[in-house]
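The values are calculated or read from the model by the stated rules, or taken from the named source; none is laboratory data. Just so it is clear, the model here is predicted, and its values are computed rather than measured. Note that we place each Cβ from the backbone using ideal geometry, even for glycine, and neighbour counts take in every protein chain shown.
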Amino acid sequence: MEPLDDARSTQRALTAAHLYYVQERTMEAIARELGTSRSTVSRLLAHARATGIVDIRIRSPFAAPQLLEERLAERFHVAAHVVPVSDDATEVDRLQRVAIAAAHLLRDLVKQDMTIGVAWGSTTAAISRHLVPEAVHGTTFVQLNGSGNTHTTGLLYASEILSRFAAAYGGSAQQFPVPAFFDDPRTRLAMWRERSTRRILAMQAAMDLVVFSTGSAGSRVPSHVYSGGYLETSELDELEREGVVGDVATVFFRADGSSDGITLNDRATGPSFGVLRRVPRRVCVVSGVSKLASLQGALAARLVTDLVVDEPVARALTE
């Protein structure tokens, strides 16, 4: 099988993609024109899709997803993107499909000289694996909240997610090397006065776009903050007593979107909802109806401008 030479693969992939998708030539005809094999043409087309030369968009002939998007937009004042997923799909498959859709949406939203906040978690990790590479000048990706706990610094987990985003867009990554939760609220206040920390907080205050999911203790695909050793049993019990339904970047909220008076938020390192609401574009990505309550809380808190969800979640929201 003829190998693809990195020095000329992009140009050949561009030519093959134009012949195939625009001129509607067959692979056999393209192979003859390029003087290569049909299998190499297939690999060139795959390369074109993987590198973003070709962006395939599917318009469903059925009205259901579009109708759901319109209803969500009208009810919650968000730009909704509903991903067709069958009701019997596994939770893992559902997450992957929604993550792919979100990755393609981000390709349209990420522009040059943007500062983009990324919350670590199971959903953003899945998105990071499906990003469509495209060099965008001057992009900076900043970690929204700390990732350390009593068992691990969390730096490797969070940095892998952040690094994939930075690599996909040719940007830089800025980690936030603090715990997810401080033991004492006074420690956070002291840390927030440090110049190194203030630099990260200033970047967060200037964000143009944020990407996050909602955390939920009852999610069938476990939310990392609940399954990764970040919370003690006593803290989970406390959250339940305080009526917490979920979190965004380790800041917890109730069903009505309120976050005041929740004890653990005084020790959390995620940005306040006031900071998040000032960000022009706030992309929330959720799969699985087990996260419905946490998503409803985030919508009630007005944290979302762009919503990517699977079809069952969209139906449940509109009902």
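Any idea which residue in the stretch 103-124 is surrounded by the fewest Cβ atoms within 10 Å (Cβ to Cβ), counting only those that are within 17 Å of the chain's Cα centre (by Cα) and in a loop (DSSP other than H, G, I, E, B)?
Within the stretch 103-124, the match that is surrounded by the fewest Cβ atoms within 10 Å (Cβ to Cβ) is K111.
Give the residue that is surrounded by the fewest Cβ atoms within 10 Å (Cβ to Cβ), with candidates limited to residues of the stretch 189-210 that are part of a helix (DSSP H, G or I) and in contact with a strand residue (DSSP E or B) (Cβ under 8 Å, 6 or more places away or on another chain).
Here is the first cut: in the stretch 189-210, the residues part of a helix (DSSP H, G or I) are 189-191, 195-205.
Retained after the next criterion (residues that are in contact with a strand residue (DSSP E or B) (Cβ under 8 Å, 6 or more places away or on another chain)): 200, 203-204.
Details: I200: 21, M203: 17, Q204: 23.
For the stretch 189-210, the residue satisfying everything is M203.
What number of residues in the stretch 232-288 are without any contact (Cβ under 8 Å) to a residue 24 or more places away in the chain and either surrounded by fewer than 17 Cβ atoms within 10 Å (Cβ to Cβ) or not assigned by TED's automatic domain parsing to the domain that holds A79 (or both)?
Residues in the stretch 232-288 being without any contact (Cβ under 8 Å) to a residue 24 or more places away in the chain and either surrounded by fewer than 17 Cβ atoms within 10 Å (Cβ to Cβ) or not assigned by TED's automatic domain parsing to the domain that holds A79 (or both): 13 in total.
Considering (1) under 24 Å from the mean Cα position of the chain (by Cα); (2) part of a loop (DSSP other than H, G, I, E, B); (3) surrounded by 14 or more Cβ atoms within 10 Å (Cβ to Cβ), say which one A80 fails and leave the rest.
(2)
Which condition breaks for A46 when tested against (1) part of a helix (DSSP H, G or I); (2) over 23 Å from H130 (Cα atoms); (3) without any contact (Cβ under 8 Å) to a residue 24 or more places away in the chain?
(2)
Of the conditions (1) on the phi < 0 side of the Ramachandran plot; (2) at pLDDT 95 or above, G218 fails just one. Which one is it?
(2)
Kindly list the number of the only condition in (1) assigned to a helix (DSSP H, G or I); (2) within 24 Å of P179 (Cβ to Cβ); (3) touching a Ser or Thr at 6+ places or on another chain (Cβ under 8 Å) that fails for E240.
Among (1) assigned to a helix (DSSP H, G or I); (2) within 24 Å of P179 (Cβ to Cβ); (3) touching a Ser or Thr at 6+ places or on another chain (Cβ under 8 Å), E240 violates only (3).
Does E70 meet the test of being touching a residue at least 24 places away in the same chain (Cβ under 8 Å) and either assigned by TED's automatic domain parsing to the domain that holds Q296 or touching a Cys at 6+ places or on another chain (Cβ under 6 Å) (or both)?
no
From (1) part of a loop (DSSP other than H, G, I, E, B); (2) touching a strand residue (DSSP E or B) at 6+ places or on another chain (Cβ under 8 Å), pick out the condition that doesn't hold for S86.
For S86, the failing item is (2).
Tell me, yes or no, whether the stretch 146-155 has at least one residue that is over 28 Å from P65 (Cα atoms) and either at pLDDT 95 or above or part of a helix (DSSP H, G or I) (or both).
Of the stretch 146-155, the ones over 28 Å from P65 (Cα atoms) are 146-155.
Next, from what is left, pick out any that are either at pLDDT 95 or above or part of a helix (DSSP H, G or I) (or both): 155.
Yes.
Determine if the stretch 125-134 includes at least one residue that is hydroxyl-bearing (S, T, Y), at pLDDT 95 or above and within 13 Å of the chain's Cα centre (by Cα).
Yes, there is a match, as at least one residue in the stretch 125-134 is hydroxyl-bearing (S, T, Y), at pLDDT 95 or above and within 13 Å of the chain's Cα centre (by Cα).
Only one of these is under 25 Å from L131 (Cβ atoms) and either more than 21 Å from the chain's Cα centre (by Cα) or among the polar types (S, T, N, Q) (or both): S234, S172, S272, S259. Name it.
Going through S234, S172, S272, S259 in turn, the sole match is S172.
Could you list, ordered by first residue, the pairs with Cβ atoms under 8 Å in which the first is in the stretch 10-30 and assigned by TED's automatic domain parsing to the domain that holds L45 and the second is assigned to a helix (DSSP H, G or I) and charged (D, E, K, R), at least 6 apart or interchain?
Within 8 Å, the pairs are L19/E33; R25/E33; M27/R38; E28/R38.
Across the stretch 241-259, what is the number of residues that are out of contact with any helix residue (DSSP H, G or I) (no Cβ under 8 Å at 6 or more places or on another chain) and within 11 Å of A301 (Cβ to Cβ)?
Selection size over the stretch 241-259: 1.
Take the residues in the stretch 83-95 that are over 20 Å from the mean Cα position of the chain (by Cα) and acidic (D, E), then tell me which one is modelled with the lowest pLDDT.
In this case the residue turns out to be D87.
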